[in-house]
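Chemist: Quick one: the structure is below, and I'll ask about it shortly.
The values are calculated or read from the model by the stated rules, or taken from the named source; none is laboratory data. All values derive from a computational prediction rather than experimental measurement. Cβ sites come from the backbone with ideal geometry, for glycine too, and all protein chains shown count toward neighbours.
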Amino acid sequence: MNVLITGNSSGLGLGLTQALLDQGAIVRGLSRRGCPLKTEHGPYDDVLRDQVIDLGDLNKIEAALAALLSDAFRLDLVVLNAGLLGQIEPIHQMDVHDLEHLYRVNVWANKVILDWLIKQEMPVAQVVAISSGAAVNMSYGWGAYALSKASLNHLMHLYAMEMPQTHLIAYAPGLIETDMQAYLCEQVDTAQFPSVERLVQARGTSDMPSPIHAAERLIELLPTLKSNYPSGGFVDVRHIN
């Protein structure tokens, strides 16, 4: 299995990288800090390829992809996982330039990647863009993140019409115990932003699994996503039986 994952230096992206490597996949990653599993003379030398890049710098993505995929003839799976949360705050208080940067990472970097794959005529079997329930809920304080994930959902819908040989899906993985949750649960005022309270209550329970468990669940669902849901759609893991 030949896989491309963005944002695989931590969280779900790292969990997916570890789980897929353990299943014998060749994983190619793009991330700002680099995948920590990639070490000199490490056990994954032959099957883990890594390019360090800030995906917010859109002009550098094509060169990074060219280097990373120079010996790839097809991709079985692309996981567009990299993303920024931004601050939880009323959207009228958010500087538009901060919102613009968040959109570069959460939306436009994915467009650049898909455009490059199309231009290279790279066969791709399945694309999973990591979305969020926030894209639908639009809770108070989540404006920037929610807007970007809603845009990502629509981006997948549009590209599904232009990539008929590829199955694309926007996938909300549910709550996951990551550094993002540390910020949300420890630094955000739940009195001002009540939607965060459920995250605080879920932390440390089975409702907020580790990245590796969330990754294993997504990998298990890949055939279901492809066979049971139309390309270009949005799926929340909490709504899958």
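Chemist: Filter segment 60-112 down to residues that are closer than 24 Å to VAL3 by Cβ and aromatic (Phe, Trp, Tyr) and give me whichever is nearest to the chain's Cα centre (by Cα).
Modeler: Looking at residues that are closer than 24 Å to VAL3 by Cβ and aromatic (Phe, Trp, Tyr), I get TRP108.
Chemist: When you go through ILE91, ILE26 one by one, which is the residue that is surrounded by fewer than 21 Cβ atoms within 10 Å (Cβ to Cβ) and in contact with a Lys or Arg (Cβ under 8 Å, 6 or more places away or on another chain)?
Modeler: Only one candidate passes the filter, namely ILE26.
Chemist: A further question follows. I need the full set of residues from segment 33-53 which are crowded, with 17+ Cβ neighbours inside 10 Å and of a type outside the set (Phe, Trp, Tyr), in order please.
Modeler: Correct list: CYS35, LEU37, LYS38, LEU48, ARG49, ASP50, GLN51, ILE53.
Chemist: Could you run through segment 199-240 and say how many residues are within 22 Å of the chain's Cα centre (by Cα), assigned to a loop (DSSP other than H, G, I, E, B) and either free of Cβ contacts under 8 Å to residues at least 24 places away in the same chain or over 23 Å from GLN87 (Cβ atoms) (or both)?
Modeler: Result for segment 199-240: 9.
Chemist: Cβ-Cβ below 6 Å, separation at least six or inter-chain, first residue in segment 157-186 and of a type in the set (S, T, N, Q), second assigned to a helix (DSSP H, G or I): which pairs?
Modeler: THR178/GLY11
Chemist: Find the residue count for segment 160-185, including only residues that are charged (D, E, K, R), at pLDDT 85 or above and not in a loop (DSSP other than H, G, I, E, B).
Modeler: Of the residues in that region, 1 qualify.
Chemist: In this structure, does ALA134 turn out to be within 20 Å of TYR171 (Cβ to Cβ), of a type in the set (A, V, I, L, M, F, W, C) and at pLDDT below 95?
Modeler: Considered against the rule, which asks whether it is within 20 Å of TYR171 (Cβ to Cβ), of a type in the set (A, V, I, L, M, F, W, C) and at pLDDT below 95, ALA134 comes out as yes.
Chemist: Just wondering, is there one or more residues in segment 79-97 that are in contact (Cβ under 8 Å) with a residue 24 or more places away in the chain, over 30 Å from SER195 (Cα atoms), in a strand (DSSP E or B) and of a type in the set (A, V, I, L, M)?
Modeler: no
Chemist: Would you confirm, using the coordinates I've provided, whether LEU158 is among the hydrophobic types (A, V, I, L, M, F, W, C), surrounded by fewer than 20 Cβ atoms within 10 Å (Cβ to Cβ) and out of contact with any Ser or Thr (no Cβ under 8 Å at 6 or more places or on another chain)?
Modeler: yes
Chemist: Let me ask you something else. Keeping to segment 10-29, report how many residues are touching a strand residue (DSSP E or B) at 6+ places or on another chain (Cβ under 9 Å), aliphatic (A, V, I, L, M) and more than 14 Å from ILE130 (Cβ to Cβ).
Modeler: So the count comes out to 5.
Chemist: Quick check on my filter: what residues within segment 137-159 are at pLDDT 95 or above and in contact with a Gly (Cβ under 6 Å, 6 or more places away or on another chain)?
Modeler: Correct list: MET156, HIS157.
Chemist: Follow-up. When you go through (1) at pLDDT 95 or above; (2) of a type in the set (Phe, Trp, Tyr); (3) surrounded by fewer than 17 Cβ atoms within 10 Å (Cβ to Cβ) one by one for PHE73, which number turns out not to apply?
Modeler: Every condition holds for PHE73 apart from (1).
Chemist: When you look at LYS149, is it basic (Lys, Arg) and crowded, with 19+ Cβ neighbours inside 10 Å, yes or no?
Modeler: Taking the combined requirement at face value, the residue satisfies it.
Chemist: Looking at segment 116-159, which of its residues are more than 18 Å from the chain's Cα centre (by Cα), closer than 23 Å to GLN87 by Cα, polar (S, T, N, Q) and in a loop (DSSP other than H, G, I, E, B)?
Modeler: Hit for segment 116-159 is SER139, nothing else.
Chemist: Here's something else I'd like to know. Is it true that ALA82 is closer than 20 Å to ALA146 by Cβ and surrounded by 13 or more Cβ atoms within 10 Å (Cβ to Cβ)?
Modeler: So ALA82 passes the test.
Chemist: Right, another one. Does VAL196 satisfy the condition of being surrounded by fewer than 17 Cβ atoms within 10 Å (Cβ to Cβ) and over 17 Å from the mean Cα position of the chain (by Cα)?
Modeler: Taking the combined requirement at face value, the residue does not satisfy it.
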